[in-house]
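These notes concern the structure reproduced below.
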């Protein structure tokens, strides 16, 4: 097993023979595979199975990444075979802080350290029951990619599905079908996720208020934005920001 801390802003495409536990502090880390672009916000971790090719990019210099690498053997829990993003509870956070005293390879000869880190690995399936939808799939065609880029660039505006279909030369029925075929989600599901991922960036990295963020991602009602954020992230934006302050004090 191995542990590294990194302040690098970009790690090019690579893979590992071991499973990777990636935790971030201070902002958002973007993890890109051949199929998806994942958004890993602070107070969450990502599990990347052995052999999965990916690149890593942080938008801000102050973002710190913590990595733990674990061998995954045949017959182990199916959890370790799938990419997932999960919230970090208080127990796991304290265990992560405890690993600060070690760096590099942790071997069986280091009995206390080895068994402690191994325990961290084994509790993951127990405390990480539901992977959060912090990823956006890539469009398969250039035409839909143009639609997705437009949505991102204009999300602070009043976006209506019929207007989008007309602007890009689709019938409403066809565009609805294309979203499901290429992205495996509806227009509303995709656009909601896109807005929430942008909201995380605005809150964490650009330090906008909840009210400012709501309007910048196209919500006229702050309570509606807050409720949607909670459904996706698991907590309201004001509570999420407060958690980051606690994290920085402890770190």
Exercise for the section: Please verify whether the stretch 1-8 includes one or more residues that are more than 18 Å from residue 120 (Cβ to Cβ), part of a strand (DSSP E or B), out of contact with any helix residue (DSSP H, G or I) (no Cβ under 6 Å at 6 or more places or on another chain) and at pLDDT 80 or above. Expected result: no
Fill in the blank from the handout: Quick count over the stretch 20-39, residues being surrounded by 19 or more Cβ atoms within 10 Å (Cβ to Cβ) and either farther than 14 Å from residue 135 by Cβ or at pLDDT 90 or above (or both), is 10
Handout entry: Options 224, 213: the member that is assigned to a helix (DSSP H, G or I) and within 24 Å of residue 37 (Cβ to Cβ)
Key = 213
Exercise for the section: Being free of Cβ contacts under 8 Å to residues at least 60 places away in the same chain and over 24 Å from residue 79 (Cα atoms) is the filter here, so list the residues in the stretch 101-124 that pass it. Expected result: 101, 109, 110, 111, 112
Exercise for the section: Give the stretch 18-64 a look and list any residue that's in a loop (DSSP other than H, G, I, E, B) and free of Cβ contacts under 8 Å to residues at least 40 places away in the same chain, or say none. Expected result: 34, 49, 50, 51, 52, 62
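One line per residue, one yes/no per condition, for (1) assigned by TED's automatic domain parsing to the domain that holds residue 42; (2) buried (at least 18 other Cβ atoms within 10 Å of the Cβ); (3) over 29 Å from residue 230 (Cβ atoms); (4) in contact with a strand residue (DSSP E or B) (Cβ under 8 Å, 6 or more places away or on another chain):
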residue: 76; (1), (2), (3), (4): yes, no, yes, no
residue: 82; (1), (2), (3), (4): yes, no, no, yes
residue: 94; (1), (2), (3), (4): yes, no, no, no
residue: 108; (1), (2), (3), (4): yes, no, yes, no
residue: 147; (1), (2), (3), (4): no, yes, no, no
Problem - Check on residue 169, assigned to a loop (DSSP other than H, G, I, E, B), on the phi > 0 side of the Ramachandran plot, exposed (fewer than 13 other Cβ atoms within 10 Å of the Cβ) and not assigned by TED's automatic domain parsing to the domain that holds residue 30 - result: yes
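The values are calculated or read from the model by the stated rules, or taken from the named source; none is laboratory data. Just so we're clear, the structure is a prediction, and the values are computed from it rather than from any experiment. Glycine gets a Cβ as well: all are built from the backbone with ideal geometry, and neighbour counts include every protein chain shown.
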